[in-house]
Amino acid sequence: MVCEALSLTIPFFTNLASKDAKLATNRYNLCRSTPRIRCSSSSAEGPVTADKLENDYALTGTAYDFERGTISITRESLSSPKKVILVRHGLSTWNEEGRVQGSSNLSVLTEAGVKQAERCRHALAKMHFDKCFSSPISRAKTTAEVLWQGREEPLVFLDSLKEAHLFFLEGMKNGLFHSYIYTYKIMQKHSASIRLNDIQNLEAVDAKVIYPKEYITWREDPANFYVNGVYPLRRLWATARDAWREILFTPGESFLVVTHKSIVRALICTALGLPPERFRSIDVNNGGISTFVFNKRGEAMLKSLNMTAHMYSDHVYLS
C-alpha cells in the first residue's frame with residue numbers, strides 16, 4: 001500500500017507593512033486547501049478492500065505482508081475469528097497457606113476465593129460466551145461453576161487444562177514440601193496404602209536440605225526441572241497446545257476458559273510463540289483475566305493481561 005501525505009506550507013508573515021500583509025493574506029486565502037492523506041494499493045489488484053484486509057492482514061497491526069509477523073497456534077485455518085478470555089481460579093486453601101498445588105485435588109476454594117469468582121462473574125456479565133471450558137480440578141471447577149451460573153450451555157471440562165503435575169513438590173510451603181520420607185514412615189507404620197488425609201497432614205521438611213538440586217532447579221530454571229523421568233514444564237507446553245486446539249476448533253466465536261496459574265502461563269506463552277524458559281516472565285493473580293483474539297489463520301494477539309480492576313471495584317468489562 002502506498003500512502004501520500006499532501007502537505008501545506010503556511011507562510012509566516014512578519015515585519016510587513018499593514019498593506020503588504022493584507023495583500024499576502026488575500027493571496028494565501030485564494031490557494032488555501034484542506035490537508036489530505038490519500039492512500040492507494042501498490043499492487044495491480046486495485047484498492048485494498050475489507051475482504052483483502054481480512055485475508056491478508058495478520059494480527060500485527062500494520063505489519064502488512066509480513067507472513068511471519070505472528071505464528072499460528074493451530075497450524076490450520078479456523079472457521080472464524082475467535083475471542084478467548086482466560087481466568088485463573090479464585091483463592092484456594094493452599095494458595096492461602098503458600099503451598100505449591102500442582103495437579104493435587106486437595107486444595108479447595110476458600111470463602112474469599114468464592115467471592116473472587118463472583119466478582120469475575122459480575123465483571124464479565126455483559127459479555128457473550130458460546131462455551132466455558134474448565135479444568136476438572138476442584139478449585140478451578142468451583143470457580144467455573146460460580147462464573148457460569150445462570151448460563152444455558154453446560155460447562156466443558158478438559159484434562160488438557162489441568163495444572164502441571166509436580167510430583168513431590170506438591171504441598172510445598174515456602175520452600176518446604178511433604179517429603180517421601182514421611183510417606184514411607186507412615187506406610188511402614190500402617191503397612192497399608194496412604195490415605196489422602198495422611199498425606200495432607202504430613203509434617204513439612206525443608207526442600208533445600210532434602211532435595212536442594214530439584215528445589216533450586218524448579219525455582220530458578222523450571223524448564224529444566226526433571227523428576228521421575230519427566231520434564232513437567234515441557235510437558236505442560238505440549239498440553240497447552242493441545243488445549244488451544246480443543247478450544248479453537250470448537251464451533252463458536254467467544255469462549256471463557258477457567259484454569260490454573262501455570263497452565264495459564266503456558267497458554268499465553270504458546271499462543272505468543274514463547275518457549276518454556278519464559279515461564280516466569282508472566283504472572284497471573286487469582287481471578288486475573290487475560291484476553292486473546294485469533295484470526296482465521298490461528299494467529300494470536302494478546303489484548304489484555306492479568307486484569308484485576310474488578311477485584312477492587314465493581315468494574316464491568318464490555319469487550
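Our note on the geometry: Cα centres of region 123-167 and region 254-308, 15 Å apart.
Computed over region 219-319, relative contact order equals 20 percent, with contacts defined as Cα pairs under 8 Å that lie 6+ residues apart.
Extension gain, residue 224-residue 151: 0.36 nm per intervening residue step, less the Cα-Cα distance, totals 22.1 nm.
Placing R0 at 41 angstrom, the Cβ-Cβ distance between residue 122 and residue 245 gives a FRET efficiency of 0.85 after rounding to 0.05.
As a fraction of the 1.4 Å probe accessible area of region 217-319, surface on carbon and sulfur atoms comes out at 48 percent. Sparsely packed loop sites in region 236-305 (the chymotrypsin sites (Phe, Trp or Tyr not before Pro) outside DSSP H, G, I, E and B with at most 14 other Cβ atoms within 10 Å) comprise 249.
Remark: the residue 217-residue 309 segment gains 29.7 nm on full extension, using 0.36 nm per residue and subtracting the alpha carbon distance.
Scoring 259-270, 77-88 by mean Cβ neighbours within 10 Å over their residues and listing the highest first yields 259-270, 77-88. DSSP loop (so not H, G, I, E, B), at most 13 other Cβ within 10 Å: list which GluC sites (Glu not before Pro) in region 68-99 pass both filters. For GluC sites (Glu not before Pro) across region 68-99 that sit outside H, G, I, E and B with at most 13 neighbouring Cβ atoms in 10 Å, the list reads 76.
Pairs from the list 126/261; 162/261; 141/261; 126/162; 141/296; 162/213 with a Cα-Cα gap above 20 Å: 126/261; 126/162; 141/296; 162/213.
Extension gain, residue 75 to residue 115: 0.36 nm times the residue separation minus the Cα-Cα distance gives 10.5 nm.
The values are calculated or read from the model by the stated rules, or taken from the named source; none is laboratory data. What you see is a predicted model, and the numbers here were worked out from it, not measured in a lab. Neighbour counts run over all protein chains shown; Cβ positions are idealised from the backbone, glycine included. For accessibility, only protein heavy atoms count, side chains too; no ligands or nucleic acids. Shrake-Rupley method; radii C 1.70, N 1.55, O 1.52, S 1.80 Å.
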